[in-house]
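The values are calculated or read from the model by the stated rules, or taken from the named source; none is laboratory data. Everything quoted here is computed from the prediction, not taken from an experiment. Here the Cβ positions follow ideal geometry from the backbone for every residue, glycine too, while neighbour counts run over all protein chains shown.
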Amino acid sequence: MKSISVVIVEDHALTRAGLRTALASEGLSIAGEAADGPSGLEAVLRARPDVAVIDIGLPGMDGIELTRQIRAQAPATRVVIVTMSDIEHEVLASLAAGADAYCLKASEPERIVHAVRIAAESGAYFDPRIAHLVLARFSPATAGAAASPLTVRETQVLRLAASGVGNAEIAKALEIGLGTVKGHMRDILDKLSASDRTQAAVTALRRGYIS
């Protein structure tokens, strides 16, 4: 099995070292590191990693803008935000920029590793301590439910994906083939005019298709 490659962009050296140790100890490959936004973008464009682990409060270019730049210039790289902040506008701005996962630095290392693995598999993950912000903003109660264009099976697939479940786990949970899961995801993205799973999940939550 191919090791997941990761670039870490974090301005605090001790925190960066802690992330490096946690990820490497679980068999992930550290493809690069950077201490500011511009250097982080250079590292990502040079290494083209599977996942970039990014802090929000970076010098030179903050993590939200860095996420936008990675989405535009290295779209195959998934983005995991790891930060001290659970402020609503920063969480939502990160998602709008295209982040695939959001973890708090106070999280157990295992949770951050899990988020990286989920993102690498094109899943979406939100730390349980900030998930309520996303659900509150995009729940049917705030947006109003509408008739869904998704089939029952597509809804099941997207609900699991929005909960941070990867393709292989979705296939196992629903007792369907991995290729079938990928096919459903392609149809979901098409129906919701979404570019990736995170956008599809947020769109579906906002419109009340899933909860």
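Listing for the model above:
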quantity: Matching residues, the stretch 37-89, being among the acidic types (D, E) and surrounded by 22 or more Cβ atoms within 10 Å (Cβ to Cβ); calculated: D50, D55
quantity: Close pairs (7 angstrom Cβ cut-off, 6 or more residues apart or separate chains): surrounded by 16 or more Cβ atoms within 10 Å (Cβ to Cβ) in the stretch 147-159, modelled with pLDDT of 90 or more and in a loop (DSSP other than H, G, I, E, B) anywhere; calculated: L158/L150
quantity: Condition broken by H89, with the remaining ones in (1) modelled with pLDDT under 95; (2) within 25 Å of S3 (Cα to Cα) satisfied; calculated: (2)
quantity: Selected residue (criterion: farthest from the chain's Cα centre (by Cα)) from residues of the stretch 22-68 that are assigned to a helix (DSSP H, G or I) and of a type in the set (V, I, T); calculated: V44
quantity: Count of the stretch 5-20 residues which are among the β-branched types (V, I, T) and modelled with pLDDT under 95; calculated: 1
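To keep it simple, each residue is scored yes or no on (1) in contact with a strand residue (DSSP E or B) (Cβ under 9 Å, 6 or more places away or on another chain); (2) of a type in the set (D, E); (3) in the same structural domain as T203 (by TED's automatic domain parsing); (4) modelled with pLDDT under 95.
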| site | (1), (2), (3), (4) |
| --- | --- |
| L28 | yes, no, no, no |
| A34 | yes, no, no, no |
| L45 | no, no, no, no |
| S94 | yes, no, no, yes |
| D100 | yes, yes, no, yes |
